[in-house]
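Contents: one structure, followed by commentary.
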Amino acid sequence: MESRIALIGIIVTDVTQSAKLNAILSEFGQFIIGRMGLPHHKHGGEELAIISVAVEAPQPKISALSGKLGMLEGVTAKVIYAG
């Protein structure tokens, strides 16, 4: 199956989900090219995280990863494909 390159943008508004999120990313670790996480404190002291994950994998694997992330409460994930 042909691999594709994609960027998964993740917004975490419930940081208590971080352990579950990291477990999912570890499960798909063989496909991850790189990852960047940015913590952010919103007005009012609320915390959120902005994460970008570059992947190279067959499209069904990318969809599975994004879907699992998006099923976590307080986590939103969107995929952008190259070309």
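Every read-out reported here was derived from the displayed coordinates using simple, explicitly stated rules and does not represent laboratory data. Note that the coordinates shown come from a computational prediction; the quantities given were computed from them, not determined experimentally. Using ideal geometry, Cβ is built from the backbone for each residue, glycine included, and neighbour counts are taken over all protein chains shown.
Listing for the model above:
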read-out	value
Single residue of region 62-83 satisfying the filter (within 17 Å of Ile50 (Cα to Cα) and either among the aromatic types (Phe, Trp, Tyr) or in contact with a Gly (Cβ under 6 Å, 6 or more places away or on another chain) (or both)) that is surrounded by the fewest Cβ atoms within 10 Å (Cβ to Cβ)	Lys78
Count of region 18-61 residues which are surrounded by 14 or more Cβ atoms within 10 Å (Cβ to Cβ), out of contact with any strand residue (DSSP E or B) (no Cβ under 7 Å at 6 or more places or on another chain) and of a type in the set (D, E, K, R)	2
